[in-house]
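Have a look at the structure below before the remarks.
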Amino acid sequence: MSDASPVLSAESLATHDPSIRSTTVEGWPAPYHGKVRDVYTLNDETLAIVVTDRISAFDHIMKQPIPYKGQILNQLAAFGFEQVDDLVPTFVDSVPHANVMIGKRCQPIPIEVVMRGTLTGHAWRVYREGGRELCGVRLPDGLIEHQQFETPLLTPATKAVEGHDEDISEKEILEQGIVDPELWAQIRETAFALFARGQEVAARQGLLLADTKYEFGLFHGELMLIDEIHTTDSSRFFYLEGYEERQATGTGQTQLSKEFLREWLMQHEFQGLEGQVLPDLPDEFRVHVYERYAEVFERMTGNAFTPESTDHFNDRLAELFSRYR
């Protein structure tokens, strides 16, 4: 890291916390606040996506942000979009700041396209409880956690504005008229191609892309990849070296993803269920989360992560946005 952005510690956070929890820009309408992103409409065809340091799990935003997480996610997404722009048009126009992506204002398709290469996370929890069907896909008996599927699975979810996303089958998507058949066929083919590319890129860096989600939109009728791709928020990664041995011995896989946050929350008796109290994230744990995110960035891109200053951040946004008046 640069001298201007010293190595993080619980002690340094106590005196200066560089985290961006929320943004507001004088002279511009209030943004749409997603779980992580603040989205500003700059003009009829252009959006500014500001990736904050908020972090969510079990559809709840944690009370404490993770310093520099937004910069890591945004730059990972930019890297990921570059790796696939020959497969599908992307909404990205520019990345003028480590926290900011300028892109085309697409009409979002209200489906999260989840691709699974292993029996991990939500899929494993369903399977462990006896479920043998996920989003209309039949699962055989005898699988173990993190086992690779013979071929990747597409397991869509509805894109909820608030609350939990819900599993949905491809058949239900078509029957309910959420997406027309021709467009869904294009999305489906694209999703499998994107996942294959993601696995290839990850493998070159010694990682296994376990699962991920894609979001799509339409811009003047053209299908585009939007939001993010192959980041630590949208994906799970394992270390490729030793994966088979760990599966054989049952020693478990280290996940470079948000899953360890979910596991930490479950250890503290929170799964987003009614009556449960969202715990605070201690500063030591926040630093640990940052370090995990930075590790994936460095493993995926081959470059060290160097934070960009977040001082006077809203003023910097105003300056950037002024170009679109």
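The values are calculated or read from the model by the stated rules, or taken from the named source; none is laboratory data. Note that this is a predicted model, so its numbers are computed, not measured. Cβ: placed from backbone, ideal geometry, glycine included. Neighbour counts: every protein chain shown.
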Hey, could you check the stretch 228-242 for residues that are of a type outside the set (A, V, I, L, M, F, W, C) and free of Cβ contacts under 8 Å to residues at least 60 places away in the same chain and say which is surrounded by the most Cβ atoms within 10 Å (Cβ to Cβ)? 235
Checking residue 77 against (1) in contact with a Lys or Arg (Cβ under 9 Å, 6 or more places away or on another chain); (2) within 27 Å of residue 294 (Cα to Cα), only one condition comes out false. Which one? (1)
Pairs, please: C-beta under 7 Å, at least 6 apart or cross-chain, first residue farther than 22 Å from residue 258 by Cα and in the stretch 122-149, second in a helix (DSSP H, G or I)? 136/170; 136/171; 139/127; 143/127
Please find, within the stretch 235-285, the residue that is farthest from residue 18 (Cα to Cα) out of those that are part of a strand (DSSP E or B) and in contact with a Phe, Trp or Tyr (Cβ under 9 Å, 6 or more places away or on another chain). 255
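Looking only at residues in the stretch 21-34 that are touching a residue at least 40 places away in the same chain (Cβ under 8 Å) and in contact with a strand residue (DSSP E or B) (Cβ under 8 Å, 6 or more places away or on another chain), which one is nearest to residue 60 (Cα to Cα)? Before you say what the answer is, go through the steps one by one.
Residues of the stretch 21-34 touching a residue at least 40 places away in the same chain (Cβ under 8 Å): 21, 23-28.
Still in the running and in contact with a strand residue (DSSP E or B) (Cβ under 8 Å, 6 or more places away or on another chain): 23, 25, 28.
Values: 23: 19, 25: 25, 28: 27 Å.
Of everything passing the filter in the stretch 21-34, 23 is nearest to residue 60 (Cα to Cα).
Within the stretch 237-248, is there a residue that is polar (S, T, N, Q) and modelled with pLDDT under 95? Even if it seems obvious, please write down each step before you answer.
Start the filter on the stretch 237-248 by keeping residues that are polar (S, T, N, Q), which leaves 247.
After this cut, where a residue has to be modelled with pLDDT under 95 as well, the list is none.
No, the stretch 237-248 has no match at all.
Among the candidates 90, 24, single out the residue that is within 25 Å of residue 165 (Cβ to Cβ) and at pLDDT 95 or above. Walk me through it before giving the result.
Numbers: 24 fails: within 25 Å of residue 165 (Cβ to Cβ).
Among 90, 24, only 90 is within 25 Å of residue 165 (Cβ to Cβ) and at pLDDT 95 or above.
Please work out if residue 101 is closer than 28 Å to residue 39 by Cα, out of contact with any Ser or Thr (no Cβ under 6 Å at 6 or more places or on another chain) and assigned to a strand (DSSP E or B). Break it down into steps so the answer makes sense when it comes.
Details: closer than 28 Å to residue 39 by Cα: yes; out of contact with any Ser or Thr (no Cβ under 6 Å at 6 or more places or on another chain): yes; assigned to a strand (DSSP E or B): yes.
Yes; evaluated as a whole, the condition is true for this residue.
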One residue from 22, 12 being assigned to a helix (DSSP H, G or I), of a type in the set (Gly, Ala, Ser) and surrounded by fewer than 21 Cβ atoms within 10 Å (Cβ to Cβ): 12
Is at least one residue of the stretch 213-221 touching a residue at least 24 places away in the same chain (Cβ under 8 Å), among the acidic types (Asp, Glu) and within 25 Å of residue 179 (Cβ to Cβ)? yes
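Being under 20 Å from residue 224 (Cα atoms) and either of a type in the set (A, V, I, L, M) or free of Cβ contacts under 8 Å to residues at least 60 places away in the same chain (or both) is the requirement here; does residue 113 meet it?
Working: under 20 Å from residue 224 (Cα atoms): yes; either of a type in the set (A, V, I, L, M) or free of Cβ contacts under 8 Å to residues at least 60 places away in the same chain (or both): yes.
Judged against the criteria, residue 113 is a match.
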All but one of (1) over 14 Å from residue 67 (Cα atoms); (2) out of contact with any His (no Cβ under 6 Å at 6 or more places or on another chain); (3) free of Cβ contacts under 8 Å to residues at least 40 places away in the same chain hold for residue 279; which doesn't? (2)
Mind checking whether some residue in the stretch 225-233 is within 26 Å of residue 302 (Cα to Cα), assigned to a strand (DSSP E or B), in contact with a strand residue (DSSP E or B) (Cβ under 6 Å, 6 or more places away or on another chain) and among the acidic types (Asp, Glu)? no
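Could you please find all residues in the stretch 182-191 being closer than 22 Å to residue 138 by Cβ and either more than 23 Å from the chain's Cα centre (by Cα) or assigned to a loop (DSSP other than H, G, I, E, B) (or both)?
Step one: filter the stretch 182-191 for residues closer than 22 Å to residue 138 by Cβ, giving 184-185, 187-189, 191.
Result: 185, single match.
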In the stretch 31-85, residue surrounded by the most Cβ atoms within 10 Å (Cβ to Cβ) [restricted to those that are within 12 Å of the chain's Cα centre (by Cα) and in a strand (DSSP E or B)]: 51
Taking the stretch 108-152 and the residues there that are modelled with pLDDT of 95 or more, among the small types (Gly, Ala, Ser) and in contact with a strand residue (DSSP E or B) (Cβ under 7 Å, 6 or more places away or on another chain), the one that is surrounded by the fewest Cβ atoms within 10 Å (Cβ to Cβ) would be 117
